[in-house]
1. Please go through region 64-79 and pick out each residue that is more than 12 Å from the chain's Cα centre (by Cα) and free of Cβ contacts under 8 Å to residues at least 12 places away in the same chain.
2. All but one of (1) exposed (fewer than 14 other Cβ atoms within 10 Å of the Cβ); (2) more than 23 Å from Asn117 (Cα to Cα) hold for Asn34, so report the exception by its number.
3. Take region 103-127 and flag every residue that is in a loop (DSSP other than H, G, I, E, B), of a type in the set (Lys, Arg), under 20 Å from the mean Cα position of the chain (by Cα) and at pLDDT 95 or above.
4. I need the full set of residues from region 79-93 which are touching a helix residue (DSSP H, G or I) at 6+ places or on another chain (Cβ under 8 Å) and β-branched (Val, Ile, Thr), in order please.
5. Just one of Gly58, Gly78, Gly20 is touching a strand residue (DSSP E or B) at 6+ places or on another chain (Cβ under 9 Å) and buried (at least 17 other Cβ atoms within 10 Å of the Cβ); which is it?
Amino acid sequence: MNSLFDDEPLPATPYAGTSGWSGTDTSLERAERNDANGITSTTQRSILKAVESSGFYGMTIAEIRKKFPDHHHGTLSGALTNLHIDGHVLRLTAKRTACKVYVIPRYRSERDIEEPNRNRRRPTSCPHCGGDLDE
């Protein structure tokens, strides 16, 4: 069966043109390398197909981790977040086993969703003195 998302433009790279990094040089290098060599795209496409195949039931991050046990939790979670930010998947307000449920948009129905939180950025000034943390 061909996936609805076989031709979807991936990878989703909403963080300054990358899939995201923790703020260190090595993390940025990993993100740029994985984005360029297709690892990010392959991971996101695999997750998207899994969520699509789950239909109306959807998937949680815990279920995605079980489906892809060879992948690090952070890799899967980051990929799922990027797919959510770019609108490829929706996060329902509903939970299953303490995890939010993700579905593709056509399986939303009338269920409530949570918008992506795009404001989670590293602080650029010290909360104590106001000094610039990037210096």
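1. Arg65, Lys66, Pro69, Asp70, His72
2. (1)
3. Arg108
4. If the condition is that a residue be touching a helix residue (DSSP H, G or I) at 6+ places or on another chain (Cβ under 8 Å) and β-branched (Val, Ile, Thr), then Val89 is the only one that fits.
5. Answer to the selection: Gly58.
The values are calculated or read from the model by the stated rules, or taken from the named source; none is laboratory data. Here the structure is a predicted model, which means the values were calculated and not measured. Methodologically, a virtual Cβ is constructed for each residue, glycine included, from the backbone with ideal geometry; neighbour enumeration extends over all protein chains shown.
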